[in-house]
Amino acid sequence: MSGSSVRLIGFATFYFVYLLLGAAIFSSIEAPGETTRVQQLRRMRADFLNMHSCVQDGALEELIEEVVRASNRGVSAAQNVSGEPNWSFGQSLFFSSTVVTTIGYGHVTPLSKGGKVFCMIYAMFGIPLTLVLLSALVERLMIPSTVFLQFLNSRLGHLYQPFNIRVLHLALITSGLVALFILLPAALFAALEPEWDYLDSLYYCFISLTTVGLGDYIPGDYPNQPYRPLYKVATTGYLLIGLTFMMLALTIFCEIPELNLGSLFLMRADEITGDPEKMRLQAAGGAPIGAKYTEQNRFQESKDNTPSPDDMTPVHARP
């Protein structure tokens with residue numbers, strides 16, 4: 001078995017253990033609170049039935065199931081909830097952005113068959129378009145990032161190795177982006193959302209910009225939220241800009257070869273072709289299949305790499 005395959009198996013084992021560890025920790029943290037909440041709801045249900053003896057338990061259960069089903073689709077049954085419908089233009093724009101950016105909160109979903117079909121078609125074209133747009137924006141943003149890296153090299157190149165400077169560059173860019181697109185927006189959301197504290201807002205920003213999109217916190221859904229359409233549009237812009245800069249940080253990270261762990265699992269040419277000893281014998285006894293093509297390529301490359309007379313002439317001596 002090749003070395004890359006052994007490393008891949010080891011990494012897959014570590015990944016599975018990581019999933020098991022996460023499940024164990026989440027279960028130990030969240031299970032007690034869930035148990036307490038279930039007991040509280042059962043007591044409230046029993047008290048309600050005792051106070052209203054005319055209500056049957058089965059009828060109450062059907063009502064609760066319907067309310068929960070509607071709530072999961074973004075429809076509230078509370079009488080004091082007044083505000084913009086789920087499918088107004090502002091809300092629909094916010095929903096469209098969560099679809100094409102693959103955030104997918106899931107708090108509002110198409111209910112009709114036509115809406116579900118259109119959502120699939122819309123996502124099929126919208127997701128690639130979004131990736132193209134974000135990639136183009138990141139390519140433009142890499143220009144000032146590269147200028148900043150060159151500045152660090154000019155100032156620190158005589159003191160530190162290139163790898164250390166690139167890590168410093170990544171750390172500075174990432175710190176600035178975290179402050180600008182996670183810490184600062186979290187403070188704004190905490191001030192605008194009545195039921196959110198700073199941790200809730202920080203959690204929302206991180207979950208959204210990493211495209212996890214759990215949907216447990218949605219900005220602008222509080223009853224009687226002022227300027228709700230404008231708030232939703234502004235949040236849509238924040239998500240698109242934030243995702244762009246998140247991709248910028250990932251691009252800078254991937255351009256540091258020493259940090260590219262994916263290279264550990266790449267198969268070498270001898271691993272793909274077969275036994276290296278067999279390849280050596282083939283090279284000694286006769287040219288293997290495709291050798292002629294390889295030699296032609298090498299000859300062509302040597303011709304292409306040969307400097308022209310103009311290239312060998314000094315610049316100041318050229319006509």
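The values are calculated or read from the model by the stated rules, or taken from the named source; none is laboratory data. Not measured: the values here are computed from a predicted model. Neighbour counts run over all protein chains shown; Cβ positions are idealised from the backbone, glycine included. Heads up: the accessible areas ignore ligands, DNA and RNA and are worked out on the full protein's heavy atoms, side chains in. Shrake-Rupley method; radii C 1.70, N 1.55, O 1.52, S 1.80 Å.
Expressed in Å, the radius of gyration and Dmax of the Cα atoms of the stretch 121-205 are 18.2, 55.
Between residue 175 and residue 234, the distance separating the two model label sites (each 7 Å from Cα on the Cα→Cβ line) works out to 2.9 nm.
Rounded to the nearest Hz, the phi-derived 3J(HN,Hα) couplings of the stretch 15-23 under the Karplus curve 6.51 cos²θ - 1.76 cosθ + 1.60 (θ = phi - 60°) are 5, 5, 4, 4, 5, 5, 5, x, 4, where x marks glycine and proline. Put simply, when 152-159, 222-229 are sorted by average Cβ atoms within 10 angstrom per residue, most first, you get 222-229, 152-159.
Express the carbon and sulfur contribution to the solvent-accessible surface of the stretch 62-200 as a percent, rounded to the nearest whole number, probe 1.4 angstrom. Answer for the stretch 62-200 is 69 percent, counting heavy atoms of protein chains only.
Rolling a 1.4 Å probe over the heavy atoms of the protein chains gives the stretch 84-228 an accessible area of 59 Å² per residue. Report in % the part of the accessible area of the stretch 206-255 that belongs to carbon and sulfur, leaving out ligands and nucleic acids; probe 1.4 Å. Here it works out to 74 percent. In this simple spin-label approximation, residue 117 and residue 23 carry label points 7 Å from Cα along the Cα→Cβ vector, and these lie 3.9 nm apart.
Rounded to the nearest 0.05, what FRET efficiency do residue 53 and residue 75 give with R0 = 51 Å and r taken as the Cβ-Cβ distance? Could you check?
0.95
Remark on residue 106: its backbone amide H falls under 5 Å from none of the residues 5 or more positions apart or on other chains, H modelled at 1.01 Å from N. For the stretch 220-225, putting each phi into the Karplus relation 6.51 cos²θ - 1.76 cosθ + 1.60 with θ = phi - 60° gives couplings of x, 9, 6, x, 6, 5 Hz, in residue order, rounded to whole numbers and with x for Gly and Pro.
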